[in-house]
Amino acid sequence: SLMSDKNMQVTIAFNHFGEGLIQRMPRCRHGYFHVVNNDYTQWVMYAIGGSAQPTINSQGNRYVAPGNPFAKEVTKRIDAPSSEWKKWNWKSAGDLFLNGAYFTPSGAGASPRYSKASSLGAKSASLVGTITSDAGVLACRRGHQC
């Protein structure tokens, strides 16, 4: 991974992640990630993954775990032993967990690093269905306005 990515700030907001998706919604390396008001209704392996010590702030998302009892965890740390990833700053605030979904937090709960992983105020997770109701692929065609 590129060391220049350490200062990257990314916001993933107002998306619906569902059928046909397996993992990496997002996959975070280095940097600061604000995952806010998304609707995760299906995944096969995990929803949010990370490597290389990213800071992840999950707020106001709805996570509906798949039926597979071995795939209920929202998070996955990649290429790091637990002694290392337990120091990474990953937190969940105001998220809604359904069907056994769970988020494994790590690091400092109130770290100042989260300020770089906060880009907008999260709405209540109970509103995610409404917020993301129009999310999806754009039906754009060349030569026509989207």
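The values are calculated or read from the model by the stated rules, or taken from the named source; none is laboratory data. Given the structure is predicted, the values throughout are model-derived calculations rather than measurements. Ideal geometry is used to build each Cβ from the backbone, glycine not excepted, and the neighbour counts take in all protein chains shown.
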Looking only at region 18-39, count how many residues are part of a strand (DSSP E or B), closer than 18 Å to residue 124 by Cα and more than 9 Å from the chain's Cα centre (by Cα). 1
Find the strands (runs of 3 or more DSSP E) located wholly in region 44-146 whose residues include 1 or more that are crowded, with 20+ Cβ neighbours inside 10 Å and free of Cβ contacts under 8 Å to residues at least 60 places away in the same chain, and list them. 48-51, 55-59, 62-64, 75-77, 90-93
If you scan region 25-43, which residues turn out to be on the phi > 0 side of the Ramachandran plot and surrounded by 21 or more Cβ atoms within 10 Å (Cβ to Cβ)? 31, 37
Identify, please: which residue in region 65-85 is of a type in the set (Lys, Arg) and modelled with pLDDT under 95 and is, among those, nearest to residue 103 (Cα to Cα)? 76
State which residue pairs qualify: first residue of a type in the set (Val, Ile, Thr) and inside region 13-34, second residue surrounded by fewer than 19 Cβ atoms within 10 Å (Cβ to Cβ) in any location, beta carbons under 6 Å apart, and separation of 6 or more residues or different chains. 22/44; 22/45
